[in-house]
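Undergrad: Got a structure for you, written out below as C-alpha cells; questions coming shortly.
What follows draws every value from the coordinates through simple rules; no lab data is involved. Nothing here was measured: the structure is a model prediction, and the numbers come from that model. Every residue, glycine as well, gets a Cβ built from its backbone with ideal geometry; the counts of neighbours run over all protein chains shown.
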Amino acid sequence: MAESASGNGGGNGGPDASGPGRAPGPGAPPGRAPGTAAALRRLRRPLYGLALALTAPTCAAVAAVTALGFALAWGPFEHLRVLVAGNRKREEPPFSNTGDAEVALFGAGALAVLLLLLLATVLLGLYLAASAAAVRHLRDGGGPLGAAALWRRTRPHALRAVAAQAPTVAGVAVTALLGVALFDDLADGGLIPGIDRPQSPFTGYRAVDWVVGLGLPLAAACVGPYLYARFSLAASVVVAEGAPAGRALRRSWRLTRSGQGRLLGAWAAATAAAVAAAALLRLAAAPLARPAGEAMSLLSGGNVYTSGAFAAAVPVAVALALLPATVLPPVGVALALRHAAARDAAGPPGRVD
C-alpha cells in the first residue's frame, strides 16, 4: 500500500546518514522514508501495545452487541420453534409459515450489524490515526515511543479521524446492499427485461445474461470499496496536516488521483489478507461453538434455533473482536507512509484542499 523508498542508503549506496535502525530527521526527502516493514518493525511496541489496550474494550463491545442481538431475538426464536412445531404437526414443510418470526429475527440481526459497523468505524479511525501519529513521530526523528505516549498523540485527532471514516464505511455498506439487491432482483428477469441472472444448473444462458446478470451487481458492490480506497488517506491527513474530516476526505481524493492501479491492487491484497486472518481466527475459535451452543440450549429450554444460532455466532464474534488488532496496525502504517510519500510529491495543501 505504501510505496517503499528507493532504499535506506544514500546516493553513494552507503547506509542512511541517520544511522542504522534510526529514523530520518525532520525535513528528510521523500526517498528517505522507511518502507512499511521497516517502519512497522520500529513502531511495533507502541502500535501493538495500543492495539492490546484497545482489544479489551473491543471484545467487550462485540460481546455486548452479540448479547443485545440475542436478547432481541429471544422471543422470535421461541415463536419460530412454536411455528415450526405446528407446521410439522400439520405435515407441512417446517418453514412454510414463519413469516412474522423471520421478520423479527431479521430486524434483530440488522440492528446488530449496524452496531458492529459503528464499532468498526470507531476502531478504523482510532487505529489509522494512531498509525499516522506513530509514522509522523518516526519521520520527525523522534525517540522511543510507548503506547501511552502514542495514545496522547492520537487523542487530539481521534474524533476527526473517526468522523472521516463514517461516510466511507457507510458507502461500503450501502453499495454492498445495493449489489446484493441487484443480484437478487435480476434472478427472475423482472428488473431488466430480457436479462436473467444465471442460476444453477447454469445452462441455457446467453453471454449478455452472464455479463449483465453478474457484472452489474458486482460493479455496484465494488463502488464502495473503490471510494474507500480513494478516501483511505483521510486519517493520515487529519493527523499530519491538522485538517477537519471533510477537508481530509477531499485531500485524500486528490492525493490518490495518481497511482490508482497500485492503490487498488494493494487494497485488494490487504482485503484478501484480512479475510484470511478472519477465517483463521474463526477456525481457532471454532472449539468454543459446541460448549456455547450447549450452554444456550440450557438457557433457552432446549430451543435448537437459539442454541444453533449462538453456536454459529460465537466463533464469528471472537474473530471480529480480535481482527482489528491483527490487521489494522500494518495497514495503518502503510497508509500513513503512502500519505507521506504522496504529500512530499504533491507539496503542501493549497487553499482548494
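Undergrad: Per the Kirkwood treatment, what hydrodynamic radius in Å, one decimal, follows for the stretch 199-252 from the mean inverse distance over all distinct Cα pairs? Mind dumping the intermediate values first?
TA: Values: mean 1/r = 0.0727 Å⁻¹.
About 13.8 Å for the stretch 199-252.
Undergrad: Placing +1 on the Cβ of each Lys and Arg and -1 on the Cβ of each Asp and Glu in the chain, which of Gly194, Gly308, Gly86 has its Cα farthest towards the positive end of the resulting dipole?
TA: Working it through, the farthest residue towards the positive pole turns out to be Gly308.
Undergrad: In the stretch 250-307, what trypsin sites (Lys or Arg not before Pro) fall in a loop by DSSP, with at most 12 other Cβ atoms inside 10 Å? Can you show the working numbers first?
TA: Details: sites: Arg250, Arg251, Arg254, Arg257, Arg262, Arg282; in loops: Arg257.
Here the trypsin sites (Lys or Arg not before Pro) that fit, given the DSSP loop and packing criteria, are Arg257.
Undergrad: In bins 10 Å wide, starting from 0, what share of all Cα pairs of the chain does each bin hold, as a percent?
TA: The distribution over the chain is 5, 19, 26, 23, 15, 8, 3, 1, 0, given as percents.
Undergrad: While we're looking at this one, here's another question. State, as an integer percentage, the relative contact order of the chain based on alpha-carbon contacts under 8 Å between residues 6 or more apart. Could you put the intermediate results ahead of the total?
TA: Details: 460 pairs, mean separation 86.9, N = 353.
Reported as a whole number, the value is 25 percent.
Undergrad: Under a point-charge model restricted to the Cβ atoms of Lys and Arg (+1) and Asp and Glu (-1), what is the dipole moment magnitude of the stretch 215-345 relative to its Cα centre, in debye to the nearest 20? Mind dumping the intermediate values first?
TA: Details: 11 positive and 3 negative charges, 125 e Å.
Value, rounded to 20: 600 debye.
Undergrad: For Ala56 and Gln260 in the same chain, what is the full-extension length gain: residue separation times 0.36 nm, less their Cα-Cα distance, in nm?
TA: Details: separation 204, 0.36 × 204 = 73.44 nm, distance 3.61 nm.
Result: 69.8 nm gained on full extension.
Undergrad: Could you rank the peptides 93-103, 219-229 by their average count of other C-beta atoms within 10 Å per residue, with the highest value first?
TA: Details: 93-103: 13.5, 219-229: 17.8.
Ranked by mean Cβ neighbours within 10 Å, highest first: 219-229, 93-103.
Undergrad: If the chain between Asp184 and Arg41 were fully stretched, how many nm would it gain, using 0.36 nm times the residue separation less the Cα-Cα distance? Intermediate results must be reported in sequence, preceding the final value.
TA: On the way: separation 143, 0.36 × 143 = 51.48 nm, distance 4.58 nm.
The Asp184-Arg41 span can extend by a further 46.9 nm.
Undergrad: Could I ask something else about it? For a Förster distance of 30 Å, can you work out the FRET efficiency between the beta-carbons of Glu294 and Ala173, rounded to the nearest 0.05? Please report the intermediate quantities before stating the final value.
TA: Working: r = 34 Å, r/R0 = 1.13.
Efficiency for this residue pair is about 0.30.
Undergrad: May I pose another question? Taking the highest mean first, how do the peptides 134-140, 265-271 order by number of other beta carbon atoms within 10 angstrom per residue?
TA: Working: 134-140: 22.6, 265-271: 15.6.
The most tightly packed comes first, giving 134-140, 265-271.
Undergrad: For the stretch 203-333, what are the per-bin percents of Cα-Cα distances with bins 10 Å wide, up to the bin holding the maximum?
TA: Over the stretch 203-333, the share of Cα pairs per 10 Å bin runs 11, 23, 24, 22, 16, 3 percent.
Undergrad: Which FRET efficiency, nearest 0.05, do Ala276 and Asp100 yield, Cβ-Cβ r, R0 45 Å? Don't skip to the answer; put the middle values down first.
TA: Values: r = 39 Å, r/R0 = 0.87.
With a Förster radius of 45 Å, E is 0.70.
Undergrad: Can you work out the Karplus-derived ³J(HN,Hα) for every residue in the stretch 172-181? Use 6.51 cos²θ - 1.76 cosθ + 1.60 with θ = phi - 60°, whole Hz, and x for glycine or proline.
TA: So the J values, rounded to whole Hz, are 4, 5, 5, 5, 5, 5, 5, x, 5, 5.
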